[in-house]
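Structure first, then comments.
The values are calculated or read from the model by the stated rules, or taken from the named source; none is laboratory data. What you are looking at is a predicted structure, and each value in this text was computed from that prediction instead of being measured. Using ideal geometry, Cβ is built from the backbone for each residue, glycine included, and neighbour counts are taken over all protein chains shown.
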Protein chains: 2
Amino acid sequence: MPEPIGFIGLGHMGLPIARNLLAKGFPLRVYNRSPDKAKTLVQEGATLVKSSEEVATPGAIVITMLADDAAVESVATDQLAKALGPGGVHISMSTVSPETNAKLDERFARHGVAVVAAPVFGRPEAAAAGKLWVCTSGPQAPKQRVKPVLDVVGQGVFDFGAKVGSANVVKLAGNFMLTAATEAMAEASALAEKNGIPRESLLKMLTQTLFNCPVYTGYAARVINADFENVGFALPLALKDMLLARQTATSTHAPMPYLDILCDRYISAIAKGRSGLDASALAQGAAEDAGLKWGV
Amino acid sequence: MPEPIGFIGLGHMGLPIARNLLAKGFPLRVYNRSPDKAKTLVQEGATLVKSSEEVATPGAIVITMLADDAAVESVATDQLAKALGPGGVHISMSTVSPETNAKLDERFARHGVAVVAAPVFGRPEAAAAGKLWVCTSGPQAPKQRVKPVLDVVGQGVFDFGAKVGSANVVKLAGNFMLTAATEAMAEASALAEKNGIPRESLLKMLTQTLFNCPVYTGYAARVINADFENVGFALPLALKDMLLARQTATSTHAPMPYLDILCDRYISAIAKGRSGLDASALAQGAAEDAGLKWGV
């Protein structure tokens, strides 16, 4: 019998993940700041509660999947930890800084609750299909216990050891690499178009040959079609991730010049009024610097 | 009956390509600055000649595959063009600037010879296996004619239109993207290791999931193992390609900040005495800046 789960955060990623857990028979108590988002889940059998701590069943599992560190800190309170109590596990799936998860770990430990970091790679479509990639870190026994839950969420789980923040470093490093790939495609495409070669010709060739992997094919399609308004990964969240990576890189002394350029690209995108677009709109920066115009 | 081919340049890439053509029955006349390199080819049936123009059979095909623009210019002379004469085709496979191929095109046109640019993607192992990816540009009829030759060289041919230099722009843009991928992996790996996560754990996860394509798997293995001494793509040639991309980007007005960082990484690698290493030794830059040491 699947154990009860409390789920906090029904955004682009959280909602499809929660739905998959419900479909697999996990009894679900859900909380979201905007309760409207829970409507379909409640019809499918979830219980909607009015405060974050009410999602907790004593000794059970709570998952948080929220937009940023502040949102996680605002719900992952001592009240929630107390409600979960001894034997409880908090699966922290949001993309937050390793420091935030380390802080939560301390707070929850005081109430006998273990924290497992489990950030995920993949867009909302992958979440809906249960095809995310999950990175974990934290203490061994709770990781074993939540494995059946994570197996519903993703197509694979990769573990990064006992230190709770490690999976978050990996997530930030991975998001940096995704975004760096988009910038590289954007610069290469600008070079091609300034030389009379459509970016479609360049990127189709490269993604059919040396770069035939999901990241490149997916972002190449967005760059080719200037498909930036169909938001899978909101641009301000991408900036947030780059700034978290920047903060971790600074505090652990790892200069990352490619990351610096990405931070500036996103800051510039926001300056140009692109907060409502997908993160891939970053590609417009290289185009505009070259006097080209892609998309809105 | 395969038509005779003159082949100039028997380096890391040229030699395996020439060997494949010979094996497929193309009569081969070869020239190399160091004639020793031709030894095995001659045993396999090739004719070694003493000057570049002697490789030409009137009206036939000549292939050049050399390290840089100066080397190509030094052999692709008026003498060679005259020896090829009307109906001849020069397949220019080296990674050179689009301007160099445009200049060769003018020179060879005066002798009735067409120039087809056909730079390739892939390392020497891929060349030996006939698994390169070939990019072409130039006039239509000669491209059709040399298709059977290029089909021996590679597993696929992508065409970029009539302008002779276009395939070279694509090649430079692609090499930029390959190298940018290595830099991104290096920075992400440095961040991981400064946070106690082995770069092997990070890169294995990413190349098994979002980045499961030849470029990333290949370069990740080199970064993980600090395998920089086994030279597939010599570091000074990578710098040469970045500088050619830089030159084309400047002359056509495409700012490329990622490219600028790569130029400096290679310049620094040479300053540190790494001219004899593989291009992937670029990865040591991000590591060293973070106070880490990978490899020699």
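Give the range A:186-210 a look and list any residue that's within 7 Å of another protein chain (Cβ to nearest Cβ), within 19 Å of residue B:218 (Cβ to Cβ) and in contact (Cβ under 8 Å) with a residue 12 or more places away in the chain, or say none. Steps first, answer last, please.
Just the residues of the range A:186-210 that are within 7 Å of another protein chain (Cβ to nearest Cβ), to begin with: A:187-188, A:190-192, A:194-197, A:201-202, A:205-206, A:209-210.
Next cut, within 19 Å of residue B:218 (Cβ to Cβ) only: A:188, A:205-206, A:209-210.
Selection gives A:188, A:206.
Can we say residue B:210 is farther than 13 Å from residue B:185 by Cβ and crowded, with 21+ Cβ neighbours inside 10 Å?
Working: farther than 13 Å from residue B:185 by Cβ: no; crowded, with 21+ Cβ neighbours inside 10 Å: yes.
Taking the combined requirement at face value, the residue does not satisfy it.
Please indicate, with yes or no, whether at least one residue in the range B:40-54 is of a type in the set (A, V, I, L, M), under 17 Å from residue B:132 (Cα atoms) and not in a helix (DSSP H, G or I).
no
Determine, yes or no, whether residue A:216 is among the hydroxyl-bearing types (Ser, Thr, Tyr), touching a helix residue (DSSP H, G or I) at 6+ places or on another chain (Cβ under 7 Å), facing chain B (nearest Cβ under 9 Å) and in a helix (DSSP H, G or I).
Numbers: among the hydroxyl-bearing types (Ser, Thr, Tyr): yes; touching a helix residue (DSSP H, G or I) at 6+ places or on another chain (Cβ under 7 Å): yes; facing chain B (nearest Cβ under 9 Å): yes; in a helix (DSSP H, G or I): yes.
It is true that residue A:216 is among the hydroxyl-bearing types (Ser, Thr, Tyr), touching a helix residue (DSSP H, G or I) at 6+ places or on another chain (Cβ under 7 Å), facing chain B (nearest Cβ under 9 Å) and in a helix (DSSP H, G or I).
Given the criteria farther than 21 Å from residue B:72 by Cα, out of contact with any Pro (no Cβ under 9 Å at 6 or more places or on another chain) and basic (Lys, Arg), does residue B:39 qualify?
So residue B:39 fits the description; yes.
Go through the range B:219-245 and give me each residue that's charged (D, E, K, R) and either within 16 Å of the chain's Cα centre (by Cα) or at the interface with chain A (Cβ under 7 Å from one of its Cβ atoms) (or both).
B:240, B:241
Between B:204, B:163, which is over 20 Å from residue B:132 (Cα atoms), surrounded by fewer than 17 Cβ atoms within 10 Å (Cβ to Cβ) and either modelled with pLDDT under 95 or over 17 Å from the mean Cα position of the chain (by Cα) (or both)?
On the way: B:163 fails: surrounded by fewer than 17 Cβ atoms within 10 Å (Cβ to Cβ).
Going through B:204, B:163 in turn, just one is over 20 Å from residue B:132 (Cα atoms), surrounded by fewer than 17 Cβ atoms within 10 Å (Cβ to Cβ) and either modelled with pLDDT under 95 or over 17 Å from the mean Cα position of the chain (by Cα) (or both): B:204.
Sort out which residues of the range B:165-179 are in a helix (DSSP H, G or I) and either more than 7 Å from chain A (Cβ to nearest Cβ) or touching a strand residue (DSSP E or B) at 6+ places or on another chain (Cβ under 9 Å) (or both), and write them in order of number.
B:166, B:167, B:168, B:169, B:170, B:171, B:172, B:174, B:175, B:178, B:179
Please determine whether any residue of the range A:216-227 is of a type outside the set (A, V, I, L, M, F, W, C), crowded, with 21+ Cβ neighbours inside 10 Å and within 19 Å of residue B:179 (Cα to Cα).
yes
Output the residue which, of all residues in the range A:143-156 that are assigned to a helix (DSSP H, G or I) and in contact with a strand residue (DSSP E or B) (Cβ under 8 Å, 6 or more places away or on another chain), is farthest from the other protein chains (Cβ to nearest Cβ).
Filtering first and then ranking leaves A:145.
Please work out which one of (1) under 15 Å from the mean Cα position of the chain (by Cα); (2) at pLDDT 95 or above; (3) under 21 Å from residue A:202 (Cα atoms) is the condition residue B:151 fails and give its number.
(1)
Could you check the range B:246-270 and list, in sequence order, the residues that are more than 7 Å from chain A (Cβ to nearest Cβ), closer than 15 Å to residue B:282 by Cβ and not basic (Lys, Arg)?
If the condition is that a residue be more than 7 Å from chain A (Cβ to nearest Cβ), closer than 15 Å to residue B:282 by Cβ and not basic (Lys, Arg), then B:260, B:262, B:263, B:264, B:266, B:267, B:268, B:269, B:270 are the ones that fit.
Which of the following residues is among the small types (Gly, Ala, Ser) and within 20 Å of residue A:137 (Cβ to Cβ): A:67, A:46, A:60, A:109?
Numbers: A:67 fails: within 20 Å of residue A:137 (Cβ to Cβ); A:46 fails: within 20 Å of residue A:137 (Cβ to Cβ); A:60 fails: within 20 Å of residue A:137 (Cβ to Cβ).
Only one candidate passes the filter, namely A:109.
Which pairs have Cβ atoms under 8 Å, sit 6 or more apart or on different chains, and link a residue in the range A:239-259 that is on the phi < 0 side of the Ramachandran plot and of a type in the set (Ser, Thr, Tyr) to one that is surrounded by fewer than 17 Cβ atoms within 10 Å (Cβ to Cβ) and assigned to a helix (DSSP H, G or I)?
As it stands, the answer is A:248/A:99; A:251/A:99, since those pairs meet every condition given.
Results for (1) within 14 Å of chain B (Cβ to nearest Cβ); (2) surrounded by 24 or more Cβ atoms within 10 Å (Cβ to Cβ); (3) in contact (Cβ under 8 Å) with a residue 24 or more places away in the chain, shown as yes or no for each residue.
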| position | (1), (2), (3) |
| --- | --- |
| A:88 | no, yes, yes |
| A:91 | no, yes, yes |
| A:94 | no, yes, yes |
| A:102 | yes, no, yes |
| A:108 | no, yes, yes |
| A:111 | no, no, yes |
| A:115 | no, yes, yes |
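Can you spot a residue in the range A:221-230 that is touching a strand residue (DSSP E or B) at 6+ places or on another chain (Cβ under 6 Å) and not assigned by TED's automatic domain parsing to the domain that holds residue A:121? Walk me through how you get there before you give the answer.
Of the range A:221-230, the ones touching a strand residue (DSSP E or B) at 6+ places or on another chain (Cβ under 6 Å) are A:228.
Among the residues that remain, those that are also not assigned by TED's automatic domain parsing to the domain that holds residue A:121 are: A:228.
Yes - at least one qualifying residue is present in the range A:221-230.
Residue by residue, here is whether (1) of a type outside the set (Val, Ile, Thr); (2) within 21 Å of residue B:231 (Cα to Cα) holds:
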| residue | (1), (2) |
| --- | --- |
| B:111 | yes, no |
| B:132 | yes, yes |
| B:136 | no, no |
| B:140 | yes, no |
| B:143 | yes, no |
| B:152 | no, no |
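Inside the range A:138-160, can you point out the residues that are of a type in the set (Lys, Arg) and either surrounded by fewer than 20 Cβ atoms within 10 Å (Cβ to Cβ) or at positive phi (or both)?
A:145, A:147 - these are the residues of the range A:138-160 that are of a type in the set (Lys, Arg) and either surrounded by fewer than 20 Cβ atoms within 10 Å (Cβ to Cβ) or at positive phi (or both).
Of all residues in the range A:219-230, how many are free of Cβ contacts under 8 Å to residues at least 60 places away in the same chain and in a helix (DSSP H, G or I)?
4
Only residues that are under 18 Å from residue B:153 (Cβ atoms) and either of a type outside the set (A, V, I, L, M) or over 16 Å from the mean Cα position of the chain (by Cα) (or both): list them for the range B:92-113, please.
B:92, B:94, B:95, B:101
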